[in-house]
Structure formats: C-alpha cells, structure tokens
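Visitor: This is the structure I have questions about; it appears just below.
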Amino acid sequence: MEQYEPDSLSPAQLAAMRRSLSNGRAALSRRSLLRASTGGALAVGGFGTLSACGIPAASQGQGGVSSEDHSAKEKVINFSNWTEYIDLSADEKHRPTLDAFTKRTGIRVNYTEDVNDNVEFFGKIKPQLAAGQDTGRDVMVLTDWLAARLIRFGWVQKLDPANLPHAYANLSSQFRSPDWDPGRAYSYPWQGIAVVIAYNTKATNGREITSVSQLLDDPKLKGRVGLLSEMRDTVGMVMLDMGKDPGTFTADDFDAAIARMQKAVDKKQIRRFTGNDYISDLSKGDLAACLAWSGDIVQLQVDNPDVKFHIPDSGYLAGTDVMLIPNKARHKTNAEKLIDYYYEPPVAAQLAAWINYVSPVEGVKAELAKIDKKIANDPLIVPDKAMSAKAHLFRSLSSKEDKAFEEKFAQLTGA
C-alpha cells in the first residue's frame, strides 16, 4: 500500500509540478496542448494531503464503489471536461455531438467545463470521494496520471462492457492496455497526444531532422536544440533512441539516458529545456529543432509552413486524457452510453475535426475525410498503422522512483 505524506515531495518534484502548471502540459488549454505526465508525483494540496486527512491509499487493483443507478428514471448525465475540448457550432452556442446524443437517446447532458488543471480539479472532488459521497458528476475527463491514482485509490467505478460495444470494438490498439488500467476496465481515452521531433527548415537550411541522436550530437545544430522540461517526455524519447522501452525500463536505463543528455549539455548542444514556450523560438528559428507536443505542431503549421515534424524510427511517447465514472455516480449506465457514443466513428470524426488531437478511435479516418481531407490525412490526428506501431507509454512510477528520477533530471536541467 502506497502512502502519500504532505512532506514527501522533494524540491525537484515541487519544481517540476510548478513548471508543468506554469508553462508545461498541465497549464495549457486542450486546444493548444493535451496531457500531463503519466504516473508522476502527487500534487501539493491534492494527493499529498491524503495522509494528513487520515485517508489511506487504496491497494493496487481495488475496485471502485458502485451505488444505486438512477439512469432508467433520470435521463441525465453530469459531464465534467476541460475548456475548449469538445466540438462547437459556428456560433459557439451549441455542442453538436452532445445535441445529437440527446436527440437520439433522450438523455440530457449537463456539460460543465470545470477542469482547468488536474491538481485544481482533484481538490474539488477529493473531499466527496474520500468520504464515499457523490461528487455530482457521472463522467469526467482527466489526464492519465491522475486517472491512474484514482483507480489505485478505488475511487472510480469499473465499467460494464455490455454498455460499451463500440468502445470495445473501436479503441485503437495503441491505447488498449496501459499498465495502470489493463484491458481498460475503468477508463477509455477521450483524446491522445504524441511527443515528436519538430524543426524549422529555414533554420536547418532545408535539412530534415529525423532522430533524437541528431538533436543530441549533430554539430550543425549546436546551441539551437530544445528538449522538454517534462521529465517523462524527454527521458522517454532518449530511451527509445537508445533502444530501451519506456514502458519497461530499469533504473540503470534511466541513468544511461541522463548520462547521454549530460554529454550534450556539457558540450552546449542543448540551448535549453522548455515548456510550451518552444513554440515562439521554433517559429522564429531561434531553435532549429526540438522535442515538441503534437497538438502544438498541428496548430503552429497553420501559420508557419517552415515548421515540420518527424516521428523517429525508434518510436515516440504517447499519452491520453481519459473518461472515468467516479464512485457514487447516480447515472452510471447513462454515462457508459455516452462514452460508447464517442467511439462511433462518425461521432469521433466530428470531435477530431474540431479539436485536432490524436483520435483513439479506429475507423475514424474515412468519416473524417468526409469533413476535412487534410485533417484526415494528418498523422498527428489520425495515426496510420506504422505510426501507431511506434507509440510507447512511459510506465507508472512508484513514489520512490518518481522522487529519485525527478531529482536526477533537475540536476541535468539546472532546474
């Protein structure tokens, strides 16, 4: 059983969280960036206060707590999501996919954009979940690292496969079985994201940048390379370049990746470690090449055709925001119907066409082509089989591992 003490976070972990919340993945709207770290440290004022409140962490594999399901009599769903993370009509007054769901099923959706970041939202729902009470929500979209913790605590309900035929059939293979939710017993992805190599062709004199090795070793890029300040993304991409799997790596593998980056830092190959502020530097050419988040690159290319991306042959890091049903939700069956609805390819296509992130739904490309052929052919939105096969997840970390790894990464970056 894993316990979380209020003072258990190291200075490096605290600094990492502040970076993520200020200019990293956790700070940004879903329209400009998707996810926060997989696994990872617990947030100040969030999980770190559990022990202080006398709430024990649930053991791994503990199931959630169900309650009486009022779905049959109460045709409603209370849905919490991030801002700007669902399709809107041209006048921005309607959400077409939700309206169509209600028309088809008679189930009204109370849609609330009250997830501003994972830490803040957890603070809202923790008291009710810890006390075994209804949060007032039937389905919520949270980043995979927080979903993993809630599942471990036993604070979300196990899904009924009978209500999820489309989700089960159409979930992309790359998202099917994360180590924190094998077989998707408790969660289904809302959208995904990829960590890629991005470069500015003007700054590289037309050369393609295709590997992490080039970022770390190519003398023509010296002083004009950016790596991400998110430990999992950067270390994971370096591990892949070294032939190691981020999903199964050892402590020695981690140390080897740090040592390799240290050499690049020492010879001043790396300009800096960045949050999403790489966007301006990459667009201007101050950074010739960098590691980047795919959601940013899709949008950056609209305004700057000089910005290109590449998926390394060694693979890339993938992650998700996921849909969960909290304990004591009053309308579990209704919520499962909504989750399943978004795995129908025509519906998934409408969503992807508006938000431009990686769709987790197989079969979405043909439907998306009916809406926008350019988007349908963008591998950062609809990965082909070759790209999907290159996807890797960063494995879950224990509290001890997270502290040790963040400290070593902080020493590398000077954070």
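Visitor: Among rounded, prolate and oblate, which fits the range 368-415 when a ≥ b ≥ c are the square roots of the eigenvalues of its C-alpha gyration tensor, a/c under 1.5 means rounded, and a/b larger than b/c means prolate?
Guide: Values: a/c = 4.15, a/b = 2.82, b/c = 1.47.
Verdict is prolate for the range 368-415.
Visitor: Also, I was wondering about something else. What distance in nm lies between label points placed 7 Å from Cα along the C-beta direction at V302 and D179?
Guide: 3.7
Visitor: Placing unit charges on C-beta atoms (Lys and Arg positive, Asp and Glu negative, everything else neutral), compute the dipole magnitude of the range 358-397 about its Cα centre in debye, rounded to 20. Present the calculation step by step, with values, prior to reporting the outcome.
Guide: Details: 7 positive and 5 negative charges, 21 e Å.
Roughly 100 debye, rounded to the nearest 20.
Visitor: Counting only C-alpha contacts under 8 Å and six or more residues apart, can you give the relative contact order of the range 293-382 as a whole percent? It would help to have the intermediate numbers written out before the result.
Guide: On the way: 68 pairs, mean separation 20.8, N = 90.
About 23 percent, as a whole number.
Visitor: Cross-link candidates for K126: which lysines have Cα within less than 29 Å, leaving aside residues fewer than 8 places away along the same chain?
Guide: List returned: K73, K75, K158, K328, K332, K337, K400, K403.
Visitor: A follow-up question, please. With a 1.4 Å probe and every protein chain left in place, work out the accessible area per residue of the range 75-195 in Å², rounded to a whole number.
Guide: Details: 4570 Å² over 121 residues.
Value returned for the range 75-195: 38 Å² of accessible area per residue.
Visitor: Same structure again: For L88 and D372, calculate 0.36 nm times their separation in residues minus their Cα-Cα distance, and state this gained length in nm to one decimal. It would help to have the intermediate numbers written out before the result.
Guide: Details: separation 284, 0.36 × 284 = 102.24 nm, distance 1.59 nm.
Extra length from L88 to D372 when fully extended: 100.6 nm.
Visitor: Give the shape of the range 127-234 as rounded, prolate or oblate, defined through the alpha-carbon gyration tensor: a ≥ b ≥ c are the square roots of its eigenvalues, a/c under 1.5 means rounded, and otherwise the shape is prolate if a/b is larger than b/c and oblate if not. Could the numbers behind the result be given before it?
Guide: Numbers: a/c = 3.58, a/b = 2.31, b/c = 1.55.
Taking the square roots of the gyration eigenvalues as a ≥ b ≥ c, the range 127-234 is prolate.
Visitor: Starting from the Cα-Cα distance between E208 and D134, subtract it from 0.36 nm times their residue separation and give me the gain in nm to one decimal.
Guide: On the way: separation 74, 0.36 × 74 = 26.64 nm, distance 5.27 nm.
In short, 21.4 nm is gained.
Visitor: Something else: Can you give me the accessible area per residue for the range 201-292, using a 1.4 Å probe, in Å²? Numbers along the way, then the final one.
Guide: Working: 3640 Å² over 92 residues.
In whole numbers, the range 201-292 has 40 Å² accessible per residue.
Visitor: If the cut-off is a Cα-Cα distance under 23 Å, which lysines reach K370, setting aside same-chain residues fewer than 8 apart in sequence?
Guide: Of all the lysines, those that pass the test against K370 - Cα under 23 Å, at least 8 places apart if same chain - are K103, K385.
Visitor: How big is the accessible area of E84 in square angstrom, nearest 10, if you roll a 1.4 angstrom probe over the protein chains?
Guide: Near enough 90 Å² of accessible area.
Visitor: What's the carbon and sulfur percent of the range 93-133's accessible surface, probe 1.4 angstrom, rounded to a whole number? Could you put the intermediate results ahead of the total?
Guide: On the way: 960 of 2130 Å².
With neighbouring chains kept in place, the figure for the range 93-133 is 45 percent.
The values are calculated or read from the model by the stated rules, or taken from the named source; none is laboratory data. On a predicted model such as this, the values are computed, not experimentally measured, just so you know. With ideal geometry, Cβ positions are generated from the backbone for all residues, glycine too; neighbour counts draw on all protein chains shown. Please note that ligands, DNA and RNA were not included when accessible areas were found on the heavy atoms of the full protein model with its side chains. Shrake-Rupley method; radii C 1.70, N 1.55, O 1.52, S 1.80 Å.
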